[in-house]
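Working notes for the structure below.
The values are calculated or read from the model by the stated rules, or taken from the named source; none is laboratory data. Here the structure is a predicted model, which means the values were calculated and not measured. Reconstructed Cβ throughout: ideal geometry from the backbone, glycine too, with neighbour counts over all protein chains shown.
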Amino acid sequence: MQPDLQGVKVAVLGGDAREIILVHEFSRLGAQVQVAGLPVQQSDHVIVCRTVADALNGVQAVILPVPGLNKDGTVYSVFTEKPMELSEKMLVSLPANAPVFAGFARERLVEMIQRCNLRLIEVLKRDDVAILNSIPSAEGAVQMAMEATPITIHSSNSFVLGFGRTGATLARLLKGMGARVTVVTRRPAHQSRVYEMGMRPLTFQQLPDFICEADIIFNTVPATVLTNCILSKASEEVVIIDVASPPGGTDFDAAKRLNIKALLAPGLPGKVAPKTAGRILARVIPRLLAEELAL
């Protein structure tokens with residue numbers, strides 16, 4: 001059951017199709033939504049603002065895009081031609097301890113929030129969001145692999161690195177499509193679960209001895225696990241789909257030198273299934289907002 005947000009004022013800044021769905025959900029729940037950087041229609045509950053500063057005026061909470069801020073400190077926004085600046089001078093106008101939501105936050109955003117005495121909520125760190133978000137991530141990764149390889153997923157030797165929320169969903173999907181799935185993971189409990197699911201478990205220490213078998217490698221580990229040394233043992237025909245948070249877990253320079261096709265694929269839910277990804281956010285963020293504001 002979704003909360004009643006009547007009387008709540010929230011700013012939604014930038015983003016993509018996911019945030020458009022979120023704006024509609026906030027409006028439906030009665031909140032006043034002040035929007036910058038999204039192509040939405042003005043209505044009784046939606047105010048379209050020309051600037052970020054205008055959108056932040058008088059709000060109780062801020063919704064940033066899933067990627068938060070870009071490396072240069074601007075707000076991630078696919079619908080605006082000019083960069084959207086978000087400064088500490090703008091944020092200090094918010095009430096103390098006001099919640100600021102983002103999918104994940106780079107160090108710059110974390111420091112800004114702390115200095116402005118606000119609360120940062122990284123939504124994708126929550127299991128209820130991340131597990132649901134793993135579904136479009138996994139489907140998008142498989143779609144990329146199908147487009148990048150001359151073989152079918154069925155009967156392929158597909159390696160999944162990591163068995164967290166996305167890795168587990170991806171491994172299950174690949175097995176369902178008939179792939180011969182190998183999962184590389186550190187934790188003994190995960191290795192046992194992989195075996196129970198009818199897939200081959202390996203440790204990262206074993207990976208160099210088996211990587212030559214891989215037709216497709218899906219990496220979900222946000223640390224450099226596909227190093228130059230390991231990649232040098234892989235087939236030149238292997239395709240790597242890296243869905244870990246930027247900069248990924250692949251030495252892309254080494255892959256290029258070795259003539260290995262390696263693709264970094266961040267933010268797949270918003271690219272391949274924005275409506276589903278937006279609905280996931282719309283199911284969770286309004287409830288979190290109500291909890292944060294003690295409604």
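Some points to look at:
- Checked against (1) on the phi > 0 side of the Ramachandran plot; (2) crowded, with 21+ Cβ neighbours inside 10 Å, Gly249 passes all but condition (1).
- Applying the criterion of being of a type in the set (Ser, Thr, Tyr) and surrounded by fewer than 15 Cβ atoms within 10 Å (Cβ to Cβ) to the residues of the stretch 190-234, the residue that is nearest to the chain's Cα centre (by Cα) is Thr227.
- Total residues in the stretch 50-67 satisfying the condition of being surrounded by fewer than 18 Cβ atoms within 10 Å (Cβ to Cβ) and either touching a His at 6+ places or on another chain (Cβ under 7 Å) or of a type outside the set (S, T, N, Q) (or both): the figure is 4.
- Within the option set Phe159, Phe163, being assigned to a loop (DSSP other than H, G, I, E, B), more than 17 Å from Pro266 (Cα to Cα), assigned by TED's automatic domain parsing to the domain that holds Glu237 and touching a helix residue (DSSP H, G or I) at 6+ places or on another chain (Cβ under 9 Å) holds for one residue only, Phe163.
- Matching residues, the stretch 146-182, being without any contact (Cβ under 8 Å) to a residue 40 or more places away in the chain, aliphatic (A, V, I, L, M) and within 18 Å of Ala130 (Cβ to Cβ): Ala168, Ala171, Leu173
- Considering (1) modelled with pLDDT of 90 or more; (2) touching a helix residue (DSSP H, G or I) at 6+ places or on another chain (Cβ under 7 Å); (3) among the hydrophobic types (A, V, I, L, M, F, W, C), the lone condition that Leu109 does not fulfil carries the number (2).
- Considering residues of the stretch 102-111 that are in contact with a strand residue (DSSP E or B) (Cβ under 9 Å, 6 or more places away or on another chain) and not in a loop (DSSP other than H, G, I, E, B) only, the residue farthest from Gln6 (Cα to Cα): Arg108
- Among the candidates Asp209, Asp242, residue that is charged (D, E, K, R) and in contact with a Ser or Thr (Cβ under 9 Å, 6 or more places away or on another chain): Asp242
- In the stretch 194-208, the residues that are in a helix (DSSP H, G or I) and touching a helix residue (DSSP H, G or I) at 6+ places or on another chain (Cβ under 8 Å): Val194, Leu207, Pro208
- Remark: Val78 matches the filter, which requires a residue to be surrounded by fewer than 20 Cβ atoms within 10 Å (Cβ to Cβ), in contact (Cβ under 8 Å) with a residue 24 or more places away in the chain, touching an Asp or Glu at 6+ places or on another chain (Cβ under 6 Å) and not aromatic (Phe, Trp, Tyr).
- Filter pass, Leu173 being within 21 Å of the chain's Cα centre (by Cα) and modelled with pLDDT under 95: no
- Residue list for the stretch 246-261, filter: in a strand (DSSP E or B) and either acidic (Asp, Glu) or in contact with a Leu (Cβ under 8 Å, 6 or more places away or on another chain) (or both): Thr250
- The single residue among Lys175, Lys125 that is of a type outside the set (Phe, Trp, Tyr) and surrounded by fewer than 15 Cβ atoms within 10 Å (Cβ to Cβ) turns out to be Lys125.
- Considering Arg115, Arg119, the condition of being loosely packed, with under 15 Cβ neighbours inside 10 Å, farther than 20 Å from Pro222 by Cα and touching a strand residue (DSSP E or B) at 6+ places or on another chain (Cβ under 8 Å) is satisfied by Arg119 alone.
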